[in-house]
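See below for the structure under consideration.
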Amino acid sequence: MRSTGTVLRELRGAQKTARGVSLYSRYVNRPVGRLFAAAAYRIGLTPNHVTLVSAAFTFSGIAAVALVRPSAGLALLVYAALAVGFALDSADGQLARLTGRGGPDGEWLDHVVDCAKMILVHTAVLISFQRYGGVPGTGWLLLPLGFLFTAVLTFCAGLLREHLGRAAARPGAGTGAAAPASRLRAFALLPADYGVFCLVFLLLGDRDVFRTGYAALAAVHTLFLVLFLVKWFRELRALRTDG
């Protein structure tokens with residue numbers, strides 16, 4: 001079996017492109033995921049195993065949000081669970097590229113877990129608001145529902161953009177050299193990164209501060225959704241073959 005150092009070097013050479021990736025994912029989540037992928041390789045886990053471990057961490061953190069009264073200690077535990085789950089979500093793909101054991105079943109499982117995560121995390125916030133307070137009025141209970149709508153629509157529209165764009169691409173398109181990743185764009189994408197979203201749960205011990213941070217992120221994600229929808233529509237329209 002290859003040494004850990006060799007595995008880490010091979011993983012560095014098998015990274016996805018950095019284009020369209022925020023600074024957090026590029027410099028924090030992927031490197032941590034690389035360490036998890038190397039450890040998983042050493043103990044013989046498959047990419048699907050890593051996906052399931054990622055789901056276990058993530059869903060445990062989400063369940064705690066809904067079922068446990070907010071506190072500073074809970075905030076740390078929830079953030080740790082969500083952040084580790086996110087890093088493992090990167091590790092499964094890296095392990096698949098390292099071992100060549102990826103496939104449509106793994107991609108499907110990964111997307112199912114991601115979709116469930118997006119639905120449940122905002123549902124858990126809604127339950128927490130309802131059970132433990134933290135909102136000045138019942139109208140604030142619409143906030144997690146609105147954030148949920150934004151997150152799911154962004155996820156689904158992004159997947160459709162990827163698959164429809166791949167199917168409609170003209171022969172020979174995309175064969176040129178890829179443009180270098182923009183550091184400014186990577187910085188601008190930080191508020192839309194799931195890893196940055198996880199950070200808001202560090203505020204869970206103070207209900208008012210958490211609500212304010214969560215609402216601010218909801219507003220930013222809504223703005224990004226509008227920008228993404230316009231961008232993706234224009235890109236797909238440019239691929240039309242009917243002139």
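The values are calculated or read from the model by the stated rules, or taken from the named source; none is laboratory data. Here the structure is a predicted model, which means the values were calculated and not measured. When we count neighbours, we look across all protein chains shown, and the Cβ atoms used for this are built from the backbone with ideal geometry, even at glycine. Accessible surface is based on the protein model in full, side chains and every heavy atom, while ligands, DNA and RNA are left aside. Shrake-Rupley method; radii C 1.70, N 1.55, O 1.52, S 1.80 Å.
On a per residue basis, the chain carries 53 Å² of accessible surface, using protein heavy atoms and a 1.4 Å probe. Here the simple spin-label model places points 7 Å from the Cα toward Cβ, and for L199 and V226 these points are separated by 2.4 nm.
Only Cα pairs under 8 Å and 6+ residues apart enter the sum, and on that basis the relative contact order of region 63-163 stands at 32 percent. The charge dipole of the chain, taken about its Cα centre with unit charges on the Cβ atoms of Lys, Arg (+1), Asp and Glu (-1) only, comes to about 640 debye.
Using the Cα gyration tensor of the chain, with a ≥ b ≥ c the square roots of its eigenvalues, what is the shape: rounded (a/c below 1.5), prolate (a/b larger than b/c) or oblate (neither)? Oblate. What the phi angles of region 124-135 give under the Karplus curve with 6.51, -1.76 and 1.60, with θ = phi - 60°, is a coupling list of 5, 4, 4, 5, 4, 4, 6, 7, 10, x, x, 10 Hz, glycine and proline written as x. Can you give me the % of accessible surface on the chain that is carbon or sulfur? Probe 1.4 Å, all protein chains present, nothing else counted. So the carbon and sulfur contribution to the accessible surface is 67 percent. A dipole drawn for the chain from +1 and -1 charges on Cβ atoms has a positive end, and of C156, L23, A219 the residue lying farthest that way is L23.
Between L52 and T123, full extension at 0.36 nm per residue minus the direct alpha carbon distance yields a gain of 23.5 nm. Placing a label point 7 Å from the Cα of L145 along the Cα-to-Cβ direction, the residues of region 82-118 whose backbone N falls under 20 Å from that point are 118. In this structure, R240 and R42 have a Cβ-Cβ separation that, at R0 = 51 Å, corresponds to a calculated FRET efficiency of about 0.60.
For Cα pairs less than 8 Å apart in space and 6+ apart in sequence, what is the mean separation divided by the residue count of the chain, i.e. the relative contact order in percent? Relative contact order comes out at 28 percent.
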